[in-house]
Amino acid sequence: MSRATEFLNLYNKLDEKMRDILKAGRNVSHAHLLEKLSAKDEVFREFQSKLQAFRALRNSLVHMPHEGEGHEAIAEPYESVLNEYRMIVEYLLNPPTALESISTQDVVSVGWDT
C-alpha cells in the first residue's frame with residue numbers, strides 16, 4: 001500500500017469516528033468536525049492545528065486529479081508525516097484508559113532518612 005493510500009485510510013477512519021461522536025451527516029465538512037470536537041474535547045484541541053494541516057494535505061492529495069483521470073494521488077506524504085498522523089489517529093481512536101495512564105508511571109517511595 002502506498003503512503004498516500006495509508007494516509008487517506010487514516011483520514012477516513014478519523015473522519016468516521018468524529019461523525020459518530022458528533023452524530024454528524026456527510027454534509028458536514030471535516031474542518032467543521034475538527035472545530036466542533038476541539039471545542040468539546042481537550043485531546044482534539046491539543047492536536048487541532050496538526051489535524052487541520054493533515055486535512056489540507058488530504059485535500060491536496062485527492063482534489064487535484066490529473067487531466068482526464070480520476071482522483072489519483074498526486075504526491076506521497078513523507079514517512080515522518082505518515083508516522084506522526086498514524087500516532088495521532090491511533091491515540092484519538094483508542095485513547096489510553098485511566099488505568100493505563102497511571103500504571104505506566106514509576107512509583108517512588110522514600111523514607112525519613114532519604
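Relative to the present Cα-Cα distance, how much length would full extension add between residue 56 and residue 17 at 0.36 nm per residue of separation?
Numbers: separation 39, 0.36 × 39 = 14.04 nm, distance 1.85 nm.
Answer, rounded to one decimal: 12.2 nm.
Could you rank the peptides 20-33, 1-14 by their average count of other C-beta atoms within 10 Å per residue, with the highest value first?
Values: 20-33: 12.4, 1-14: 15.6.
Ranked from most to least packed, the peptides come out as 1-14, 20-33.
Return the FRET efficiency for the residue pair residue 40, residue 97: r is the Cβ-Cβ distance, R0 is 22 Å, and the value is rounded to the nearest 0.05.
The pair residue 40/residue 97 has a calculated efficiency of 0.65.
What's the extension gain from residue 32 to residue 74 if we count 0.36 nm per residue and subtract their Cα-Cα distance?
Once the chain is fully extended between residue 32 and residue 74, it gains 12.6 nm.
If I stretch the segment between residue 3 and residue 112 completely, what's the gain in nm (0.36 nm per residue apart, minus their alpha carbon distance), one decimal?
33.7 nm
All of the numbers you see were taken from the coordinates with simple rules; none came from a lab. The model shown is predicted, which means the values in this text are computed figures rather than measured ones. Note that each Cβ is placed from the backbone with ideal geometry, even for glycine, and that neighbours are counted across all protein chains shown.
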